[in-house]
Structure formats: structure tokens, C-alpha cells
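Colleague: One structure is given below, represented as C-alpha cells, and several questions about it will come after.
The values are calculated or read from the model by the stated rules, or taken from the named source; none is laboratory data. A quick note: this is a predicted structure, and the numbers were derived from the prediction, not measured. Glycine gets a Cβ as well: all are built from the backbone with ideal geometry, and neighbour counts include every protein chain shown.
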Amino acid sequence: MGEPYYVTTAISYPNGRPHIGHAYEAIAADTIVRFMRSVGRDARLQTGTDEHGLKMAQKARELGVTPQQLADEMAQHFKDMCAGLNIEHDVFIRTSEPRHHAATRELWRRMQASGDLYLDRYEGWYSVRDEAYYDESELIAGEGGARLSPQGTPVEWTVEESWFFRLSKYGERLLALYRDNPDFIRPESRRNEIMRFVEGGLRDLSVSRTSFDWGVRVPANEGDVPAHVMYVWVDALTNYLTGLGWPDETEEFKRFWPADLHLIGKDIVRFHTVYWPAFLMSAGLPLPKSVFGHGFLLNRGQKESKSLGNVTDPLDLAARFGVDPLRYFLMREIAFGQDGSYSTEAIALRCNAELSNSFGNLVQRTLSMIFKNCGGEIASFASTEADDTLLALVAEATRDELPREFAALNFSAGIEAWMRAVFACNAYVDEQAPWALRKTDPDRMRAVLCTLFMAIRDLTIAILPVVPGTAHKILDQLGIPVDQRGIADLARADWYWARVATGERLCAPVGAFPRIELDLQDAVA
């Protein structure tokens, strides 16, 4: 069993169905976990739904259902999204689960035992949509002089009794954390924003509400009336522990905590890099190793919203273009950490040029020629300098460049290196012209085709974390055993001769990446 690696997504707020931003984060997390497994790590992925809070209670009231009924219905949509996009999570956590309530109350008790919770009166600005409190200095002006949060959401003046967390106590410890661990917050632009925020001074944080009851109850002391529910972010962040069985000392908790990576959107970095480590410090628990705040995914340059009518169901996109082409586009097109834009035309253009015309065509014509001209046989051959040069270039891309970039979460750069190797293979095909060699030099033709077979195996294994469904189908056609499909297997010196020794012949190939044809609906979507 390899070294553990624990990745979490932000848990999704299920007051509506999943949108493309949820899909983007889930696909990125799944790619990371598959990559880590591919290089020999014992990787674990957790995702789920964040089901409490005033926003959920209000939405349920609008629909005439209970918050639990709304949560049950919407959580299923998020599970369906994961299944439909081939997201292999180990745990799908729901914050309405009894085990999560128990874990969150235990975290509260530990923070209370540290002397970091006290009862007082809260007066200030609160955004229901963000489930966040804002200082007057953070607000921006909206239409007609309305006050808005930094995210542009409405805020309301709130007055109620509240428990407070002594966040002000942790300012220096947090700054030391950021200074001593530069990779704790990534990318660097997010780290700089958070450091400026903390350097400006931290105020104690209101961490309970009495104006609604849909949430985790604050543990009551003897004689107390348990009227308080926890601030939704205390509740939500604890999910990363709950999924490992905490507060029990489970094998999963001992093996996988602290988390290696919290993968989240850039709009919730503060909660994960200021509040969460402070809560954990207070509770005496180890801190996660890294938080990465990725950018937003824009629809033709615009943020998706119901009012603009441009909200996209990711499963509709997957049905139209294919799951793997959609996954490929999102990981290839956008520099991870920055905002990116998509459109139906952009997906078709990118996937046709690279997956269909370049890689898919390389696989199809190589395997077709082996099937037709070599009887499907993979055999020993005498290589030339051209063959060795190509395989060395492919090895550099698949064993060095792509893994190095993926480990740094630079997916687009890793895929760019992979594509250069694909282009080199296609150039090699054109230069060697195996269709002409069939008549003039059949032995040389076999050497060229077997060289390409080796290159395709390496290219397919390397890109598998991004396009797992199609990659496995290609490797099935190549006859590569299921237990030899990791990037860690690429350096095996004996794999080709072991494959030759099987005597297994290739069948007629099935196309891997058919071209995407746009229709009028796509062009205006």
C-alpha cells in the first residue's frame, strides 16, 4: 500500500441542482486522485453536501417542504452528477447525518475546553447567501445605495445572542503558519490576499445562531436551553474529519489525517485558511497540508446565474459531448487556479483538434494497420535511431513532464507536454509511411507499427487520470493488464516482451474519440 494522500472538495450547498462549477471542481479532484493512485499513492477522495443553514431553511419554506426533504432530494442530484462524470469518491458525506452532528459537537466541546468560546450579543452585517458575516469596512455599494457583501450579495443587519470564537487570539499563529508553510495556501495570489486580511487584525467570530433551528445544535450544559445552532461554517468544515470516522480513533483517521489537499473555489478560501486552521488549533488537531483555491468557470466569459438564464447542467454537457471530452476540455483549457471560460464551440474545437484528429486518429490508424497488415500480431523487432528517438521523447513527456506538472496541479501544462508527444507520434507516422513500407519493406513496417504501439500504451496510461473511461477501453484493445495501467508502470522494462509472449492478437479497433459535430442548438447554447 502506497503513501496516503487525502483530497477533499468543498461540500456543495444543495439549495439548487449542480452547475458546471460543481462539476469542474469534482473533475479536478478526481483527476488528482486518479493521478496519485497512478504514481503509487494510496489516495482517498471525499466530497458531499453542506445541508444546513438559513439559506436551506428559507428555500425549503418557499417550496413547501421540510429542510430534510429538500436536502434528501438535492443530495441525490449531486450523487448523480458524480456518477455521471465518472467521479470515483471514497466518501460522499452529508452534513445532516447523525455521525456528522456528533463529530461537530465534539469539535465544539474541544474549542470550548480551550477557553475559545464565550456567549455574547452579535450585532452586524450578515449575508444569507454567503452564510458569512462581514465588517462594515468590507461592504460595497449596490444600486440605490444598498449595502452588499464583497461578493455582491445582499446583507442584513442582524442582532441576536451568539456564541463567539476567539479568532483574534490566533492571528499571529496563523501568520506564522503562512510564513513557515508557503504551500499551505495556493496559488500564491490567494496566499497574499489572506495574509493581508489577517495582518489587518482579526475580530472574534460569531459561531451560533438562535433565529433558526436547521443545523447542528450547540452542546448544552446542564440547565441550559439548547436554543443555539452552530454557524454553518463550523458545521461544514468539520465534514473533512467526519468522513474519516472522527472523533473515534479510526484507522482511516490515523492514516489520512491531516488532509493533503482541500480543493475549493476561490470565494471560500478565507473560511478554509483562516477559520478552519484556527478551529483545529483550538481543538488540538493537526492542520491540513494545503488549500488550493481554484478560479471560476465562466460561460462565454460570464458568471452563470439564474437571472441571466445561462446556468448549465453539467450532465447535459456530458450527454452532448461525452464525459471524457468534457473532462479533457476542463483540465486542458484552463490554467488551474485562474478563471476560465467555456462554450460549446470551444469544447468541440479543442476536443476535435486534440482528442479526435490527433490522439484518436493516431490510435485508430496504428491499430488498424497492425490488425490488417500484421494479422494483429505484436512481435519483436529491430529498432532504428528514429524509433528510439520517438520512444525517448514519449517517455520524457509521460514519465517526467506530465507527472511533474500534475503533481503541482498544473494540469494544462502537463497535458500540453502530452500533446507535444502525440504530435511527434503523428509526425513519425507521416515520415515513416508504414502504408508504403508494406510493399517495400514489411519488416520495417512492423518495427514502425510496434514502436507506435509502445508509444500509444505510454500516452494512454499517462492521460488516463483525465479521460479514464476511454483510456481503459484503449488499453483493453492493446491487451495491457488492468494492474499495469499506472504511471508508475511506465518504466517497467519488460512489459513489451511480456505482452509479446502472450501471443494475444489485436482485434479490429473501435474508435476512441469520434468527432463532435455542432448543430444549431449547440451554436447558440
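Colleague: Checking V311 against (1) touching a Leu at 6+ places or on another chain (Cβ under 8 Å); (2) modelled with pLDDT under 95, which test does it fail?
Modeller: Status for V311: all satisfied but (1).
Colleague: Go through the range 483-495 and count every residue that is more than 20 Å from F359 (Cβ to Cβ), assigned to a helix (DSSP H, G or I) and in contact (Cβ under 8 Å) with a residue 60 or more places away in the chain.
Modeller: 1
Colleague: Across the range 19-67, what is the total count of residues that are in a helix (DSSP H, G or I), among the small types (G, A, S) and either over 24 Å from the mean Cα position of the chain (by Cα) or at pLDDT below 95 (or both)? Talk me through it step by step, then tell me what you get.
Modeller: Let us first name the residues in the range 19-67 that are in a helix (DSSP H, G or I), namely 20-38, 54-63, 67.
From what's left, among the small types (G, A, S): 21, 23, 26, 28-29, 38, 57, 60.
With either over 24 Å from the mean Cα position of the chain (by Cα) or at pLDDT below 95 (or both) added as a condition, the list becomes 21, 57, 60.
Going through the range 19-67 one residue at a time, the tally reaches 3.
Colleague: So which residues in the range 154-174 are outside any strand (DSSP E or B) and under 21 Å from L139 (Cα atoms), if there are any at all? Spell out the reasoning first.
Modeller: Restricting attention to the range 154-174, the residues satisfying the condition of being outside any strand (DSSP E or B) are 155, 166-174.
Hits for the range 154-174 are V155, L167, S168.
Colleague: Here is a check on your reading of the model: is L315 in a helix (DSSP H, G or I), surrounded by fewer than 22 Cβ atoms within 10 Å (Cβ to Cβ) and either at negative phi or in contact (Cβ under 8 Å) with a residue 24 or more places away in the chain (or both)? First the steps, then the outcome.
Modeller: Numbers: in a helix (DSSP H, G or I): yes; surrounded by fewer than 22 Cβ atoms within 10 Å (Cβ to Cβ): yes; either at negative phi or in contact (Cβ under 8 Å) with a residue 24 or more places away in the chain (or both): yes.
Here the answer is yes, as L315 does meet what is asked.
Colleague: What helices (runs of 4 or more DSSP H) completely inside the range 183-274 contain at least 1 residues that are modelled with pLDDT of 95 or more, on the phi < 0 side of the Ramachandran plot and aromatic (F, W, Y)? Give the steps one after another, and end with the answer.
Modeller: Values: elements: 188-199, 232-237, 239-242, 251-256.
In the range 183-274, the matching helices (runs of 4 or more DSSP H) lie at 188-199, 239-242, 251-256.
Colleague: Continuing with the same structure: Which members of the range 159-188 meet the condition of being crowded, with 18+ Cβ neighbours inside 10 Å and of a type in the set (S, T, N, Q)?
Modeller: Answer for the range 159-188, where residues must be crowded, with 18+ Cβ neighbours inside 10 Å and of a type in the set (S, T, N, Q): just S162.
Colleague: I need the full set of residues from the range 9-25 which are closer than 18 Å to S96 by Cα and of a type outside the set (F, W, Y), in order please. Please lay out each step first, then the result.
Modeller: Going through the range 9-25, the residues closer than 18 Å to S96 by Cα turn out to be 9-17.
Within the range 9-25, T9, A10, I11, S12, P14, N15, G16, R17 meet the criteria.
Colleague: Given the options A353, A346, name the one that is without any contact (Cβ under 8 Å) to a residue 12 or more places away in the chain, surrounded by fewer than 18 Cβ atoms within 10 Å (Cβ to Cβ), out of contact with any Cys (no Cβ under 7 Å at 6 or more places or on another chain) and part of a helix (DSSP H, G or I). Spell out how you get there, then give the answer.
Modeller: Numbers: A346 fails: without any contact (Cβ under 8 Å) to a residue 12 or more places away in the chain.
After applying the criteria, what remains is A353.
Colleague: Another one. When only residues in the range 90-129 that are among the aliphatic types (A, V, I, L, M) and at pLDDT below 95 count, which is surrounded by the most Cβ atoms within 10 Å (Cβ to Cβ)?
Modeller: In the first step, residues of the range 90-129 are kept if they are among the aliphatic types (A, V, I, L, M); the result is 91, 93, 102-103, 107, 111, 113, 117, 119, 128.
Filter again for at pLDDT below 95, leaving 119, 128.
On the way: L119: 12, V128: 16.
Among those that are among the aliphatic types (A, V, I, L, M) and at pLDDT below 95, it is V128.
Colleague: Can you pull out the residues in the range 364-389 that are within 20 Å of R499 (Cα to Cα) and part of a helix (DSSP H, G or I)?
Modeller: Just the residues of the range 364-389 that are within 20 Å of R499 (Cα to Cα), to begin with: 364, 366-383, 387-388.
Hits for the range 364-389 are Q364, T366, L367, S368, M369, I370, F371, K372, N373, D387, D388.
Colleague: Now a separate question. Give the residue, chosen from D458, D443, that is acidic (D, E), touching a residue at least 60 places away in the same chain (Cβ under 8 Å) and under 15 Å from L362 (Cβ atoms). Step through it out loud before you land on a result.
Modeller: Details: D443 fails: under 15 Å from L362 (Cβ atoms).
Exactly one residue qualifies, and that residue is D458.
Colleague: Out of curiosity, is I480 free of Cβ contacts under 8 Å to residues at least 40 places away in the same chain, surrounded by 12 or more Cβ atoms within 10 Å (Cβ to Cβ), outside any helix (DSSP H, G or I) and within 32 Å of the chain's Cα centre (by Cα)? Show your work before the answer.
Modeller: On the way: free of Cβ contacts under 8 Å to residues at least 40 places away in the same chain: yes; surrounded by 12 or more Cβ atoms within 10 Å (Cβ to Cβ): yes; outside any helix (DSSP H, G or I): yes; within 32 Å of the chain's Cα centre (by Cα): yes.
For I480, the condition - free of Cβ contacts under 8 Å to residues at least 40 places away in the same chain, surrounded by 12 or more Cβ atoms within 10 Å (Cβ to Cβ), outside any helix (DSSP H, G or I) and within 32 Å of the chain's Cα centre (by Cα) - is met.
Colleague: Being in contact with a Ser or Thr (Cβ under 7 Å, 6 or more places away or on another chain), surrounded by 20 or more Cβ atoms within 10 Å (Cβ to Cβ), in contact (Cβ under 8 Å) with a residue 24 or more places away in the chain and of a type in the set (A, V, I, L, M) is the requirement here; does I370 meet it?
Modeller: Working: in contact with a Ser or Thr (Cβ under 7 Å, 6 or more places away or on another chain): no; surrounded by 20 or more Cβ atoms within 10 Å (Cβ to Cβ): yes; in contact (Cβ under 8 Å) with a residue 24 or more places away in the chain: yes; of a type in the set (A, V, I, L, M): yes.
For I370, the condition - in contact with a Ser or Thr (Cβ under 7 Å, 6 or more places away or on another chain), surrounded by 20 or more Cβ atoms within 10 Å (Cβ to Cβ), in contact (Cβ under 8 Å) with a residue 24 or more places away in the chain and of a type in the set (A, V, I, L, M) - is not met.
Colleague: Determine, yes or no, whether V448 is closer than 18 Å to L355 by Cα and either of a type in the set (A, V, I, L, M, F, W, C) or within 31 Å of the chain's Cα centre (by Cα) (or both). Give the derivation first.
Modeller: Details: closer than 18 Å to L355 by Cα: no; either of a type in the set (A, V, I, L, M, F, W, C) or within 31 Å of the chain's Cα centre (by Cα) (or both): yes.
Considered against the rule, which asks whether it is closer than 18 Å to L355 by Cα and either of a type in the set (A, V, I, L, M, F, W, C) or within 31 Å of the chain's Cα centre (by Cα) (or both), V448 comes out as no.
Colleague: Please list, ordered by first then second residue, the pairs with beta carbon atoms under 7 Å, 6 or more apart or interchain, first in the range 129-140 and touching a residue at least 60 places away in the same chain (Cβ under 8 Å), second surrounded by 16 or more Cβ atoms within 10 Å (Cβ to Cβ) and in a helix (DSSP H, G or I).
Modeller: Close Cβ pairs (under 7 Å, with a partner that is surrounded by 16 or more Cβ atoms within 10 Å (Cβ to Cβ) and in a helix (DSSP H, G or I)) amount to R129/K55; E131/K55; E131/V232; E131/W233.
Yes or no, residue by residue, for (1) more than 20 Å from A227 (Cα to Cα); (2) touching a residue at least 12 places away in the same chain (Cβ under 8 Å); (3) under 29 Å from the mean Cα position of the chain (by Cα):
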{"position": "Y122", "(1), (2), (3)": "no, yes, no"}
{"position": "S149", "(1), (2), (3)": "yes, yes, yes"}
{"position": "V155", "(1), (2), (3)": "yes, yes, no"}
{"position": "N192", "(1), (2), (3)": "yes, no, yes"}
{"position": "M195", "(1), (2), (3)": "yes, yes, yes"}
{"position": "V207", "(1), (2), (3)": "no, yes, yes"}
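Colleague: Just to be sure, is G295 free of Cβ contacts under 8 Å to residues at least 60 places away in the same chain and small (G, A, S)?
Modeller: Details: free of Cβ contacts under 8 Å to residues at least 60 places away in the same chain: yes; small (G, A, S): yes.
For G295, the condition - free of Cβ contacts under 8 Å to residues at least 60 places away in the same chain and small (G, A, S) - is met.
Colleague: Now, a different point. L298 passes all but one of (1) part of a loop (DSSP other than H, G, I, E, B); (2) of a type in the set (A, V, I, L, M); (3) surrounded by fewer than 20 Cβ atoms within 10 Å (Cβ to Cβ); (4) in contact with a Ser or Thr (Cβ under 7 Å, 6 or more places away or on another chain); which number fails?
Modeller: (1)
Colleague: For the range 461-477, name all the residues that are touching a residue at least 60 places away in the same chain (Cβ under 8 Å) and more than 22 Å from G414 (Cβ to Cβ).
Modeller: Residue satisfying the conditions is Q477 alone.
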